[in-house]
1. Only one of R37, R44, R51 is touching a residue at least 60 places away in the same chain (Cβ under 8 Å), open to solvent by 60 Å² or more (accessible area, probe 1.4 Å) and either out of contact with any Cys (no Cβ under 6 Å at 6 or more places or on another chain) or within 14 Å of G117 (Cα to Cα) (or both). Can you tell me which?
2. Surrounded by 22 or more Cβ atoms within 10 Å (Cβ to Cβ) and not in a strand (DSSP E or B): is that true of V62 in this structure?
3. Going through region 90-103 one residue at a time, which ones are open to solvent by 30 Å² or more (accessible area, probe 1.4 Å) and in contact with a Pro (Cβ under 9 Å, 6 or more places away or on another chain)?
4. Quick one: in region 66-88, of everything that is of a type in the set (D, E) and loosely packed, with under 15 Cβ neighbours inside 10 Å, which residue is farthest from T118 (Cα to Cα)?
5. Run down V120, V62 and say which single residue is under 25 Å from Q2 (Cβ atoms) and not charged (D, E, K, R).
Amino acid sequence: VQLQAFGGGLVQSGGSLRLSCAASGRTFGNYAMAWFRQAPGKEREFVAVIRGSGTTYYSDSVKGRFTISRDNAKNTVYLQMNSLRPEDTAHYYCAASRTVISSTMTLAGTYDYWGQGTQVTVSS
């Protein structure tokens, strides 16, 4: 599986962006897809995940502001980000895994495939 993320950019605080992650492969629908982010000097942080079934899970820091979704026909996962804050500034990565379980789905090591990421910068 190859992943390519795009859609990042510079936005003012309170604004919105939608990230997309296009995946190769004909079994996209079988994969759990996640978004992580990493700010300079910080560890990679879990943002959201969507299973093949469509169930979703979010980190507390983005819950209520971000929405993850997927379009299996287009092999694409999205991250709609609203009410952006300066602390959301980071490089955002999409990731894929054939299986995830609740106890490990927020861990970067769970995911086998990663995209190159896209930069999101939120100005105050």
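The values are calculated or read from the model by the stated rules, or taken from the named source; none is laboratory data. Just so it is clear, the model here is predicted, and its values are computed rather than measured. Note that each Cβ is placed from the backbone with ideal geometry, even for glycine, and that neighbours are counted across all protein chains shown. For the accessible areas, the whole protein counts, side chains as well, though only heavy atoms, and no ligand, DNA or RNA atoms are used. Shrake-Rupley method; radii C 1.70, N 1.55, O 1.52, S 1.80 Å.
1. R44
2. Answer is yes for this residue.
3. Once the filter is applied, which keeps residues that are open to solvent by 30 Å² or more (accessible area, probe 1.4 Å) and in contact with a Pro (Cβ under 9 Å, 6 or more places away or on another chain), region 90-103 yields only H91.
4. Of everything passing the filter in region 66-88, D71 is farthest from T118 (Cα to Cα).
5. On inspection, the qualifying residue turns out to be V120.
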